[in-house]
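The values are calculated or read from the model by the stated rules, or taken from the named source; none is laboratory data. The structure displayed is predicted, hence computed values, not measured ones. Glycine also receives a Cβ, built like all others from the backbone with ideal geometry; neighbour counts cover every protein chain displayed. Surface accessibility is based on the protein's heavy atoms, side chains included, excluding ligands, DNA and RNA. Shrake-Rupley method; radii C 1.70, N 1.55, O 1.52, S 1.80 Å.
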Amino acid sequence: MKYFDYAATTPLDNDAANVYVDVACKYFANSNSLHDMGDNAGKILENCREEWGKLLNVDKNGVYFTSGGTESNFLIIQNLVLATKKQGKHIITTVAEHASIHSTMQLLAVNGYEITYIPLMDNGIIDTQLLEQSIRPDTILVSIQHVNSEIGAIQPIKEIGTICRKYNVLFHSDMVQSFGKVDVSEVTKFIDGISISGHKFYGPKGVGVAYINPQTAWIPFLPNGSHEKGFRSGTVNTAGIASMTVAAQKTCLKMADNLWELSQLRALFKETVNAESIKQFECIEQYPGIIGLRVKGLEGQWLMLECNRRGFAISTGSACQVGKHAPSKTMKALGLADGEAKEFIRISLGKDNSKEDIMDLAKLINELAKEYAKDC
């Protein structure tokens, strides 16, 4: 089976795996325990926190470790809306956000918050003029992902952050699909809250990072928590955090080379796919490792299953929503009808993909598209 679903999850890096086993076996004590073994675990934890401050180009005192991107998204948004000094209950996000953002917004709506969902332009980017026009005196928070998980569009974080500060609005960005893949260090200073998930860049599952600017006050969603300065409850996963940190260091060191290699694979795929019924989604700024496309008349789920039968693992979008067989949120954000949105498939690339594999996949999709067109 050839794996083309790296945006959903990645295999654990060997060095990260070795670190996990070593820390889990030797430094297994609770990092909050007062004995020497707990102190040793705590030192590893704080070393990792310091490293994440460097990797993100932020103050390490705003770095908190979580169970992953979903928890980071939820806790950051909940903590920020509880703590904002600005009067109001209006929040702005996009139609194309991850399912965990939509779920959090739905919960907030039940609790009296008003949510404005803005669409994407044809180029996959938000209209920053529309964003600014949507801000009201009672707007307290904007939450917009950095890299879209289905088409790879890179949002103008610096511009969004500048607009938010102009109107004294907090800004959270889901960076689950961008950290380790594109350079985030130049834009993090424009953001009040950042979410990251370890398994997206060859780290372990079940561990992530949440960053809240230390200059931004926050109130914990769950009171009286004893871990991570009260940000969350539960014994800290020291081994997972150390493993994730090693994976992050490695992927950031190789980022430029990885981007070049993925760009070559993407270009090769684009050259090979030539069926008239295939529509690839291109953006002004785009992470090359995510290829979103639709084949006119073919449901994405059928195409995904057919590729699976032929030995290729692709997806129909975010792994957190595919089981529902719902239209792609990104396609809906682009203005497509439900039937067209259900034609969407995602091909996401990673370190083990070869030129031969990407060409074979492109030829298969070509073949399936042309067979359907001929049958029609």
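Residue selection: I126 satisfies the criterion of being in a loop (DSSP other than H, G, I, E, B) and either under 18 Å from the mean Cα position of the chain (by Cα) or of a type outside the set (S, T, N, Q) (or both).
Do any residues in segment 38-59 that are modelled with pLDDT under 95 and open to solvent by less than 40 Å² (accessible area, probe 1.4 Å) have Cβ atoms under 7 Å from those of residues that are outside any helix (DSSP H, G or I) and aliphatic (A, V, I, L, M), where the two are at least six apart or on different chains, and which pairs are they? Pairs that qualify, where the first residue is modelled with pLDDT under 95 and open to solvent by less than 40 Å² (accessible area, probe 1.4 Å) and the partner is outside any helix (DSSP H, G or I) and aliphatic (A, V, I, L, M), are G38/A29; A41/A29. Residues that are of a type in the set (G, A, S) and under 23 Å from A369 (Cα atoms) were ranked within segment 256-285; the one that is surrounded by the fewest Cβ atoms within 10 Å (Cβ to Cβ) is A267.
Looking only at segment 133-158, which residues are assigned to a helix (DSSP H, G or I) and surrounded by fewer than 16 Cβ atoms within 10 Å (Cβ to Cβ)? Result: Q133, S134, K158.
Considering segment 22-37, and only residues there that are touching a residue at least 24 places away in the same chain (Cβ under 8 Å) and either polar (S, T, N, Q) or open to solvent by 70 Å² or more (accessible area, probe 1.4 Å) (or both), the residue that is nearest to G225 (Cα to Cα) turns out to be N32.
Condition test on A319, is it within 24 Å of L259 (Cα to Cα), open to solvent by 50 Å² or more (accessible area, probe 1.4 Å) and at pLDDT below 95? So A319 fits the description; yes. Just checking, does segment 79-94 include any residue being under 29 Å from F344 (Cβ atoms), in a helix (DSSP H, G or I), open to solvent by 20 Å² or more (accessible area, probe 1.4 Å) and not acidic (D, E)? Scanning segment 79-94 turns up no residue that is under 29 Å from F344 (Cβ atoms), in a helix (DSSP H, G or I), open to solvent by 20 Å² or more (accessible area, probe 1.4 Å) and not acidic (D, E). Here P288 fulfils each of the conditions (1) buried (at least 18 other Cβ atoms within 10 Å of the Cβ); (2) farther than 25 Å from A337 by Cβ; (3) over 16 Å from the mean Cα position of the chain (by Cα) apart from (3). With respect to L108, determine if the residue is closer than 26 Å to Y167 by Cβ, open to solvent by less than 10 Å² (accessible area, probe 1.4 Å), part of a helix (DSSP H, G or I) and modelled with pLDDT under 95. No: the conditions fail for L108. Contact map, segment 159-183: first residue surrounded by fewer than 19 Cβ atoms within 10 Å (Cβ to Cβ), second residue among the basic types (K, R), Cβ cut-off under 7 Å, separation 6 or more or different chains; pairs are N168/K86.
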